[in-house]
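Comments concern the structure below.
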Protein chains: 2
Amino acid sequence: MTEADFIAALRALPLHPGAQQLRDDTARLGELVLTTDTIVEGVHYLSEDAAADVAWKLLAVNLSDLAAKGAVPEGALLNYPLGDDGWDRDFLNGLGETMNRFDCPLLGGDTVSLPHGAPRVISLTAVGRASRSPARSGARAGDMLYVTGTIGDAGAGLRIATGEDGPDSLAIAYRRPHPRLGEGRALGAVARAMMDVSDGLLIDAARMADASGLAVAIDLAAVPLSSDLRAFAGDDRNARLAAVTAGDDYELLFAMPPGETPPVAATRIGRFAAGTGLSLQDNDGPIALPDRIGFEHRA
Amino acid sequence: MTEADFIAALRALPLHPGAQQLRDDTARLGELVLTTDTIVEGVHYLSEDAAADVAWKLLAVNLSDLAAKGAVPEGALLNYPLGDDGWDRDFLNGLGETMNRFDCPLLGGDTVSLPHGAPRVISLTAVGRASRSPARSGARAGDMLYVTGTIGDAGAGLRIATGEDGPDSLAIAYRRPHPRLGEGRALGAVARAMMDVSDGLLIDAARMADASGLAVAIDLAAVPLSSDLRAFAGDDRNARLAAVTAGDDYELLFAMPPGETPPVAATRIGRFAAGTGLSLQDNDGPIALPDRIGFEHRA
């Protein structure tokens, strides 16, 4: 079964109203927002990655889901497989650092032992609090599409983390993403739709448009790239296409009515319209979509 | 690191007040009670176990933690590794059946892919609601110790599930435990201390006494055994010692003041007193504790 088949099968189970038909990354329980993510050694991270970085990223990606709901972190539950003492201690040190950094204390968890040689599988469930959360599906025709920060740094960082020469800043963007919690809080009350960019800017924008029953047009030239990324990968169309189809940005993608100014630093990169589908333009006009617009079946 | 070392290390992380210093099986967030459990193929269940039974047990053991807090289930989050289609569908069917049976709908979750051949690791986080929850540590000297249902059925059921001849009823007690949600709700308002019996009656009673800063004496002859268990394993001292040191009962163990009658069917099996430690008596007077009183480092 693909992930999509499995989620379709999950919809046949008794669903809580707060599950929102499993069409969002989070569940809602009154003012609480819940999200959970699992990472697997050799799938979501490399065996040689530093344990403290793995811990940072596991918590950060969950907090990014909370940020996209405008939520303040309340706490986290950890499901952890005991293994090598040194790795376990480094993981806990990294987790503690990340918890302090983003003000998300431990609520509880569970530990297990794995059969010898089995890859680590680590889950974290984060709980946040928000009075109002923009849905992924709330964009309207005419709304402008914005993104926080810069796009593509983590994608380049993965290349550097796996052996290419390049600046540390990009590798760090991959290893230690910063969830946009402050921005999410400010946007929670005003964005018409919001989600985080985890699988690639193009695919995630297409998902927002699809959930909203709209088309979206993105201006490739407007997508914000960092100076480090431009120095590393250039700034031509191919470099930009690589940036908008790479994953792990953990920036916030959101829709605002035309004429309204976002309350946070963000770049306008596109526009929603009646219709369906994603289209792309560059300075010279419409361009074809790349074959792969992001991580499609990333589980 | 042992589980105990790891939990001690977790206490050095920033802790949410609702984590209750990680001294309980659940976390508390206002009226919400949260608990999470992970099961591993080849560790917590056998590869040949039916997927629907694995799903039942995973949800049931989490709901048993909620029952011990007097909580009504609100919903559950699932972390699931996609694998074999048939197994995945059977698992979902079993999960749906269990969710309907115990009125605990799906709130959300996450799916991942595992490297080929890796053992399944499945986590479930259950959320419940309770206005008051008895702590594990609330027993007072003179309180009586009670247990719901019968003890040892699941332990015998494991022997039957792994090849011995014996009645189905015991194998089912092992494969499909029933969380005592109704009893937990009734006891939530009146029990002085409560927990579920998961690692063995003796070890769990010793933990309640330790958390309460007390000694506990248990009357082995008073421990309730089912007629099926007595027919299968006998009713002598050794059979009773096997029952009280086996795990997976998922009954409720609770303390009540002397003279008060529990509002649910339960058996009085012991008494708390000033001091420390666990002692055991039979009809003839004090008897020695067995070498192993339960699953000590069960992670």
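The values are calculated or read from the model by the stated rules, or taken from the named source; none is laboratory data. Everything numeric in this text was worked out from a predicted model, so none of it was measured. Cβ atoms come from the backbone with ideal geometry, glycine included; neighbour counts cover every protein chain shown. Just so you know, the surface numbers come from the protein's heavy atoms only, side chains and all, with ligands and any DNA or RNA stripped out. Shrake-Rupley method; radii C 1.70, N 1.55, O 1.52, S 1.80 Å.
Structure summary
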| item | result |
| --- | --- |
| Highest-fluctuation residue, B:Gly200, B:Gly163, B:Gly94 considered, GNM on chain B with Cα pairs under 10 Å | B:Gly163 |
| Extreme residue, positive dipole direction of segment A:3-129, given options A:Gln20, A:Tyr45, A:Trp87 (C-beta unit charges) | A:Gln20 |
| Segment A:38-55 and segment B:33-102: distance between their alpha carbon centers, rounded to Å | 26 Å |
| Inter-label distance, nm, simple model (7 Å from Cα along the C-beta direction), A:Asp84/A:Leu289 | 4.2 nm |
| At least 20 Å² of accessible area lost relative to the chain alone, listed for segment A:11-50 with a 1.4 Å probe | A:Leu13, A:Pro14, A:His16, A:Leu22, A:Ala27, A:Leu29, A:Leu32, A:Leu34, A:Thr36, A:Thr38, A:Val40, A:Val43 |
| With every protein chain in place, chain B: carbon and sulfur % of accessible area (1.4 Å) | 47 percent |
| Chain A: most fluctuating residue of A:Gly142, A:Gly75, A:Gly30 per GNM, C-alpha cutoff 10 Å | A:Gly30 |
| Protein heavy-atom accessible area occluded, B/A pair - total, 1.4 Å probe, Å² | 5000 Å² |
| Hull volume in cubic angstrom per residue (convex hull over the Cα atoms of chain B) | 142 Å³ |
| Chain B - mean residue ellipticity at 222 nm from DSSP helices (-39,500 (n - 2.57) per run, n ≥ 4, rounded to 500) | -9500 deg cm²/dmol |
| Rounded accessible area of B:Glu48 (nearest 10 Å², 1.4 Å probe) | 140 Å² |
| Average silhouette area of segment A:170-239, convex hull of alpha-carbon atoms, in square nanometres | 5.9 nm² |
| Segment A:201-299, accessible area per residue, ligands and nucleic acids excluded (1.4 Å, Å²) | 45 Å² |
| Alpha-carbon centroid distance for the pair segment B:163-229 / segment A:170-185, whole angstrom | 46 Å |
| Share antiparallel - DSSP beta bridges, the protein assembly as shown, percent rounded to 5 | 75 percent |
| Overall form of segment A:1-136 per C-alpha gyration tensor (a/c, 1.5; a/b vs b/c) | oblate |
| Highest-fluctuation residue, A:Val244, A:Val54, A:Val121 considered, GNM on chain A with Cα pairs under 10 Å | A:Val121 |
| Residue (of B:Ala161, B:Ser113, B:Ala68) at the positive-pole extreme of chain B, dipole from beta-carbon charges | B:Ala68 |
| Computed accessible area, B:Asp282, all protein chains, 1.4 angstrom probe, square angstrom | 20 Å² |
| Percent of beta bridges antiparallel (DSSP, segment B:30-152, rounded to nearest 5) | 65 percent |
| For the protein assembly as shown: rounded, prolate or oblate by the Cα gyration tensor [a/c cutoff 1.5] | prolate |
